Amino acid sequence: MSAMSATITKTFNKKSLYLLSGATAAVGAGVAFKWYQNDNRNKGSKGLGALAAGTGMHIAQCQKKPEDYQKVYNAIALKIREEDEYDNYIGYGPVLVRLAWHISGTWEKNDNSGGSFGGTYRFKKEMNDPSNKGLQNGFKFLGPVLEQFPWISHGDLYTLGGVTAIQEMQGPKIPWRAGRVDEPEDKTPDNGRLPDASRDADYVRKFYTRMNFGDREVVALLGAHALGKTHYKNSGFEGPWGAATNVFSNEYYVNLLNEHWKLNKNEAGQMQYDSDKGYMMLPTDMALIQDPKYLKFVKEYANNQDAFFKDFVKAFSKLIENGIEFPKDIKATTFKTLDEQDM
Ligand code: HEM
């Protein structure tokens, strides 16, 4: 059976990467391969027929090995280390994590649009989404890395940036898979798919259902708010969630439970929770202790950082791969930190 006929026997309900003639998965195995990506947003008009006819398909070739991606990891990690003065010495780690989440968080399960696959954040509609204010700093930071490794797709670069930042900030190892393919500008999702921080638990639960996340996963994902801070100029909120703004830990849950929180109207007119120590929580953060189902997991993670790390890895991997169907034999790469390489 030819590779193409093998490909078109598949049912398409996800963004899929299909292997061609006799090639083996590269990432993990280190063997050259090619793939097709089919996108099923306009089911019927574009799908099997379009693939068979070879129209409208983005074809990418990739001959990269895990070592090549480790080089990209190292370039990002070294740049984070060198440019440590950013945002009053918080550094670029947190903004890179937020960038990876926001480019993935546009995913819509109903039509498999948005998400990390197409790297559409590079287009102005997505970059200028009011929810993405401040993320241009992460994008600019990654510019020279893209120049150094021009073969990497935007979606791969943004997600690898988040993975690198988490690991370099002492977070857990996050196995990562390559294979996202740059899509054209007309695939850019409309603004308005990212969450509103002023809302309650019901909203948060409903919002994350759109991306297939349950309560445990939502609480685990939000633990990333131990990192970085809110900025008046970006979101109208102000302040950090805790003390260690560039260390990935379970501090967020500990602070949610142990600080004395007061609801205030801030100088930009937004309602936020403030503590005596100068920490803040968004209404959507506070939802995690107001809702008993969420609270259970907050308590678990506050008491057990290992459990948090384990669940975060699963949830974050799912977030950055939502809507993408990788060929089964593409294995994830686990990167070494700079410290582990004595760099
Ligand atoms: C209900 C869901 C969420 C809401 C409403 C929300 C909202 C926000 C807001 C308002 C900011 C401040 C932006 C600024 O002013 O610069 C922020 C920052 C941040 N968020 Fe979230 N977020 C959510 C989920 C997540 C998730 C799932 C992650 C990662 C897994 C994440 C990671 C971050 C990080 C690391 C920052 C700090 C960025 C920096 O320091 O520049 N957030 N978030």
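Using the Cβ-Cβ distance between Gln148 and Thr334 with R0 set to 22 Å, the FRET efficiency works out to roughly 0.50.
Phi-derived couplings, Karplus 6.51 cos²θ - 1.76 cosθ + 1.60 at θ = phi - 60°, listed residue by residue for the range 291-306: 9, x, 5, 5, 4, 3, 6, 4, 5, 4, 6, 5, 8, 9, 5, 4 Hz, with x used for Gly and Pro. Here's how it looks for Gly242: its modeled amide H is under 5 Å from those of Met280, which are all 5 or more places away or on a different chain.
Of Lys173/Lys296; Lys173/Lys318; Lys109/Lys187, which pairs sit farther than 19 Å apart, going by alpha carbon to alpha carbon? Flagged as over cut-off: Lys173/Lys296. Counting charges near Phe149 (Lys, Arg +1; Asp, Glu -1) among other residues having Cβ under 11 Å from its Cβ returns a value of -1. Computed over the range 66-343, the P(r) tail beyond 28 angstrom holds 31 percent of alpha carbon pairs.
Determine ³J(HN,Hα), in whole Hz, for all residues of the range 198-204 in sequence, where each value follows from phi through the Karplus function 6.51 cos²θ - 1.76 cosθ + 1.60 and θ = phi - 60°; x replaces Gly and Pro. Using θ = phi - 60°, the values come out as 8, 9, 9, 4, 4, 5, 4 Hz. Of the residues Pro94, Asn137, Gln270, the one whose Cα sits farthest towards the positive end of the charge dipole of the range 66-343 is Gln270 (charges of +1 on Lys and Arg Cβ, -1 on Asp and Glu Cβ, taken about the Cα centre). Between Glu325 and Lys15, Ser16, Leu17, the built amide H atoms are under 5 Å apart, and every one of these is 5 or more places off in sequence or on another chain.
Using a/c under 1.5 as the rounded threshold, could you call the range 290-343 rounded, prolate or oblate? The axes a ≥ b ≥ c are square roots of the C-alpha gyration tensor eigenvalues, and prolate needs a/b larger than b/c, oblate otherwise. It is oblate, given that a/c is not under 1.5 and a/b is not larger than b/c.
Readers should treat all values here as calculations from the given coordinates under stated rules, not as data from a laboratory. Remember, predicted model here, so these are calculated numbers, not experimental data. Reconstructed Cβ throughout: ideal geometry from the backbone, glycine too, with neighbour counts over all protein chains shown.
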